[in-house]
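The values are calculated or read from the model by the stated rules, or taken from the named source; none is laboratory data. Here the structure is a predicted model, which is why all the values come from computation and not from measurement. A quick note on method: Cβ atoms are made from the backbone with ideal geometry, for glycine too, and the neighbour counts reach across all protein chains shown.
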Amino acid sequence: MTIEPPLAVLDSGLSDLLDQVAERQRLDFGHMVSDVKADGSLITACDRWSDATLVAGLNALYPAQGVLSEEGRQLVPSTEAFWVVDPLDGTTNFAAGIPYWAISLARFEAGVPVFAVLDVPPLRQRIWAIRGEGAWRNGRRLHPPALQAHPAGCASLCSRSIGVLQKLPNQRFPGKIRLLGVASLNLVSVAMGQTVAALEATPKIWDLAAAWLILTELGCPVTWLQRHPGGIPVG
């Protein structure tokens, strides 16, 4: 597998696209009314605008690569390389006025992410990773987190993960629990050394695409509770 030169660093076209979407989200924050989608999750006009802008931008920057997005057709493209996009991960936080959400992009080849970006607009942080090359935050190389094995360690969960823990009623949870409300950032909190573990019970591919590669590049093991998401079929 080779990385094209524009992906060896965060190239200006992709950086400008992310800057545009992140700035719009910061401006819209606190002024959005949410609707409920068919699956019961929330969506705002900012989600829709961000999705359309990212898809159009990626199509313009990388015309030979398809795009699968949360608010789009949700079909895996037939192109050799394709992008997986979550335009606003953490819509419930965003709509509730909680300043914690992310933009998640990942480029897939042969069923696995080879390049990923997580932009966190409220913190003005941008994390990216390249398979086999490592990960960076705001231009500074990241290093694997130090091992933490003590009772005060925090684990980041999603709300649906509570049901998984309830299946083990006789086992005391070995640490403290945090619910951040953003699937990608829940997972990446381990790679950042903020938590010792993270659990997502029912993630979609756009929830974990970017986080998956960042965790891998920083030496954090990923265990799948059900089937491995690699090699997802076209269509």
(request) Among the residues of the range 74-113, count how many are farther than 25 Å from GLY132 by Cα, touching a residue at least 24 places away in the same chain (Cβ under 8 Å) and not hydroxyl-bearing (Ser, Thr, Tyr). (result) 12
(request) Any chance you could count how many residues in the range 95-113 are surrounded by fewer than 21 Cβ atoms within 10 Å (Cβ to Cβ), within 20 Å of SER189 (Cα to Cα) and touching a strand residue (DSSP E or B) at 6+ places or on another chain (Cβ under 7 Å)? (result) 0
(request) Residues that are surrounded by 13 or more Cβ atoms within 10 Å (Cβ to Cβ) and either assigned by TED's automatic domain parsing to the domain that holds LYS204 or within 17 Å of the chain's Cα centre (by Cα) (or both): find the strands (runs of 3 or more DSSP E) completely inside the range 1-94 holding 3 or more of those. (result) 66-69, 81-89
(request) Please find, within the range 50-90, the residue that is modelled with the highest pLDDT out of those that are polar (S, T, N, Q) and farther than 25 Å from LEU187 by Cβ. (result) ASN59
(message) For the range 214-225, check the following and say yes or no: at least one residue is modelled with pLDDT under 90, touching a His at 6+ places or on another chain (Cβ under 9 Å) and either more than 21 Å from VAL112 (Cα to Cα) or among the aromatic types (Phe, Trp, Tyr) (or both).
(response) no
(request) List the number of the failed condition for GLY193; all other conditions in (1) in contact with a helix residue (DSSP H, G or I) (Cβ under 8 Å, 6 or more places away or on another chain); (2) within 15 Å of ALA155 (Cβ to Cβ); (3) of a type in the set (Gly, Ala, Ser) hold. (result) (1)
(message) I need the full set of residues from the range 192-210 which are in a helix (DSSP H, G or I), touching a strand residue (DSSP E or B) at 6+ places or on another chain (Cβ under 7 Å) and either closer than 21 Å to GLY132 by Cβ or of a type in the set (Val, Ile, Thr) (or both), in order please.
(response) ILE205, ALA209, ALA210
(message) Of all residues being of a type in the set (S, T, N, Q) and in a strand (DSSP E or B) in the range 109-161, which is modelled with the lowest pLDDT? Just the residue, please.
(response) SER156
(request) Please identify the pairs in which a residue from the range 185-205 that is touching a residue at least 60 places away in the same chain (Cβ under 8 Å) has its Cβ atom under 8 Å from the Cβ atom of a residue that is acidic (Asp, Glu) and surrounded by 17 or more Cβ atoms within 10 Å (Cβ to Cβ), counting only partners at least 6 apart or on another chain. (result) LEU185/ASP89; LYS204/GLU70
